[in-house]
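Structure first, commentary second.
The values are calculated or read from the model by the stated rules, or taken from the named source; none is laboratory data. Not measured: the values here are computed from a predicted model. No Cβ is skipped: glycine too gets one built from the backbone with ideal geometry, and neighbour counts run over all protein chains shown.
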Amino acid sequence: MCDVAFQMLLDLCLNTDFTPPRFTRTPVDQTGVSGGVASFICQATGDPRPKIVWNKKGKKVSNQRFEVIEFDDGSGSVLRIQPLRTPRDEAIYECVASNNVGEISVSTRLTVLRGK
């Protein structure tokens, strides 16, 4: 029994079919108006399927106005910010895709203009 379990673990560790994350869609810089909405899309592929996390200033986004909407197939997500506030939402946002094989990130800028 132990030999079989060890062999399965060894096969898993030596499996070269695993691939690091690779972006298939990256977020683009946006300019929004205070009180409006901004949405960023990020999608990645890899094996195992990468997990997508959104950061603002190096920390995972967490606020009632920040909504992360996962794609049904788990390949990516949308970061939606509503309502936009200036200057607090104006920042560099980062999409991080990671799996057991690696981690990649891409940054995007949000500029928020004052409403009239």
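For this structure, a couple of remarks:
- Check on ARG22, more than 21 Å from LEU113 (Cβ to Cβ), under 18 Å from the mean Cα position of the chain (by Cα), modelled with pLDDT of 95 or more and in a loop (DSSP other than H, G, I, E, B): no
- Residues in the stretch 100-116 that are at pLDDT 95 or above and either under 12 Å from the mean Cα position of the chain (by Cα) or more than 22 Å from THR19 (Cα to Cα) (or both): GLU103, ILE104, SER105, VAL106, SER107, THR108, ARG109, LEU110, THR111, VAL112, LEU113.
- Residue that is surrounded by fewer than 17 Cβ atoms within 10 Å (Cβ to Cβ) and either in a strand (DSSP E or B) or modelled with pLDDT under 95 (or both), where the choices are GLN43, GLN64: GLN64
- Tally of residues being assigned to a loop (DSSP other than H, G, I, E, B), surrounded by 13 or more Cβ atoms within 10 Å (Cβ to Cβ) and over 11 Å from the mean Cα position of the chain (by Cα) across the stretch 46-61: 1
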